[in-house]
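Trainee: Submitted below is the structure of interest, expressed as structure tokens.
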Amino acid sequence: MRLFYRFVAFLLGRNLLSTPVSVISGQLTEKRALPMGLADFHTWSDRIISGAACPATSESQKFTLAGMILHLKPTDAFVEDGYFINALRKQAANEVAIAAMQEVKMKRAAEQAAITSVETPVKELNAVLANAPV
């Protein structure tokens, strides 16, 4: 039965909804050739993006995948799909972490601005009082 699902996936370029998990997990670990043309890249990247199931746009994920290909070793002509799926998920997690860091940074900047806006009039008042004749 696994052979049937593998054959269907080969013909269609994608898995059926009824494809067993064992077949899909086997596909993730088998090394596949990197795309050699633009049409191949779109087919390949759509397969990776559907496996990663990240909330980002398809265009941004394709951009990320293209960057990953550029950073592979020159001898890496065949790579597992699982590598790219995990890398896309990690990149999505990085994006969330960066957004969280920016949120904390902006909150701290707002708190610091509030403190500074309170301290500045007090410092000016103290300076005026220090220079006032007694």
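The values are calculated or read from the model by the stated rules, or taken from the named source; none is laboratory data. Because the structure is predicted, anything quoted here is derived from the model rather than measured. Counting neighbours? That spans all protein chains shown, and the Cβs are built from the backbone with ideal geometry, glycine included.
Listed here are the residues, each with its yes/no results for (1) assigned to a loop (DSSP other than H, G, I, E, B); (2) of a type in the set (A, V, I, L, M, F, W, C); (3) loosely packed, with under 10 Cβ neighbours inside 10 Å.
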residue: Trp44; (1), (2), (3): no, yes, no
residue: Glu59; (1), (2), (3): no, no, yes
residue: Leu65; (1), (2), (3): no, yes, no
residue: Asp76; (1), (2), (3): yes, no, no
residue: Gly82; (1), (2), (3): no, no, no
residue: Leu88; (1), (2), (3): no, yes, no
residue: Ala92; (1), (2), (3): no, yes, no
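So that you can scan it fast, the table gives a plain yes or no per residue for (1) within 30 Å of Leu3 (Cβ to Cβ); (2) modelled with pLDDT of 85 or more:
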residue	(1), (2)
Ile24	yes, no
Leu28	yes, no
Arg32	yes, yes
Phe63	no, yes
Ala77	yes, yes
Ala100	no, yes
Leu125	no, no
